[in-house]
Ligand SMILES: *Cc1c(COP(=O)(O)O)cnc(C)c1O
């Protein structure tokens, strides 16, 4: 086989479909978020970032940066091993305590990323629990799908946020057959929210475990930033709460929280936990500081919601196709991969606004979109500029206004 030709052909496929990914080469500016430099082919330009998952700008929070610097000076760069072999640093233990406190669970367990946490926990349940059936929401994130695919157990996909469909699928199995329902609290491409209470009721009725991905909600919802489960008074009903330290908490890493026994089980059997070097202690220190900070700063969450609501209102008023999000995500429908990329390119070239196009397979074909994420640090002037830029680009390409 001509391997290079094969690789080139597959890349050509993506380009022909208009969904070849081009990364913006950014240089973030601590203290100036959401401003950044964009290293483009024709030089370095100032841009305003409107699609970051650093939802609250915690990636530049002075307390977080101080904690990181302090821990680097004290402990050095890397962790020095896997958790079992010389790689458990006291900072890891402190972070796990902080996360268990956040979710009011007995324990928590940290991973190199949220992707690893989902992949490892779900695959370990699927491999280890005899006869397990995993019921997975149709819109679940790739990290959950990969974890589930890695097992040989039976899997069933239920309609997105569809309680009737979930019930029908749960009822098809004997009550004593082990089951696990895997879903997200907040789906980050549409900005819709799961009926958590209803799912927990069904799981109870049919004897299923519950596994929730709160990646796009931790730090952002609930009085202390524990997520939508906290906001909705359901936190104690979930068997596994999974989250990330990389989005609202602004650092990197992932985790699960739940009972001491469940965490010990994944700690002891989860390959992605056991065989990977633990995170640098300075990363753990920064993440812990961020989690603790956001427990105390509800005003950031309020401002975040206000910014998102204001942007949605302003875009809708101009007739722009804002999709029906009930959260901080502001998705604007384009519906075509080539035009979506073109809109993104024009925002950057003509207006120094950076919004990455979201194409298949991240979203379904025909629902390609610009996914805008306002933060508390986007000013009124930033928003004026964005609204004017989008209006210009929509006119320039002749994009559809209503659905
Ligand atoms: C980003 C994301 C993850 C992975 O988290 P990382 O910490 O970025 O690896 C998991 N689930 C969902 C829903 C995500 O969007």
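Every number in this text was worked out from the coordinates using simple rules, so none of it is lab data. These numbers come from a predicted model, not from an experiment. Ideal geometry is used to build each Cβ from the backbone, glycine not excepted, and the neighbour counts take in all protein chains shown.
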Q. How far apart, in nm, are the 7 Å Cα→Cβ label points at residue 97 and residue 7?
A. 4.8
(Q) At a threshold of 8 angstrom on Cα-Cα distance, excluding pairs fewer than six apart, so keeping six or more, what relative contact order does the chain reach in percent? (A) 21
Q: Give me the number: length gained by fully extending residue 30 to residue 236, i.e. 0.36 nm times residue separation minus the C-alpha to C-alpha distance, one decimal in nm.
A: 70.5 nm
Q. How far is the Cα center of the range 357-393 from the Cα center of the range 319-340, in Å?
A. 7
Q. In units of 2.2 N^0.38 Å, what is the alpha-carbon radius of gyration of the range 191-279?
A. 1.15
Q) So what is the relative contact order of the range 241-283, in percent, for Cα pairs below 8 Å that sit 6 or more residues apart? A) 27
Q.
Between residue 261 and residue 387, what's the calculated FRET efficiency when r is the beta-carbon distance and R0 is 35 Å? Round to 0.05.
A. 0.10
Q: Measure off 7 Å from each Cα along the Cα-to-Cβ vector at residue 162 and residue 296, then give the distance between these two points in nanometres to one decimal.
A: 4.7
Q. Extension gain residue 316-residue 23, at 0.36 nm per residue separation less the Cα-Cα distance, in nm?
A. 102.6 nm
Q: Measure out, as a whole number of angstrom, how far apart the alpha-carbon centroids of the range 214-244 and the range 255-316 sit.
A: 10
Q) With each pseudo-label sitting 7 Å past Cα toward Cβ, what's the residue 66-residue 46 distance in nm, one decimal? A) 2.9
Q | Projected area averaged over orientations for the chain, convex hull of C-alpha atoms, nm² | A | 21.4
Q | CD proxy at 222 nm, helix term only [per DSSP H run n ≥ 4: -39500 (n - 2.57); per residue of the chain; nearest 500] | A | -13500 deg cm²/dmol
**Q.** In Å, descending, principal axis extents of the Cα set of the range 1-151
**A.** 51, 48, 32
Q | Rg over Rh, two decimals, the range 295-393 (C-alpha only, Kirkwood Rh) | A | 0.98
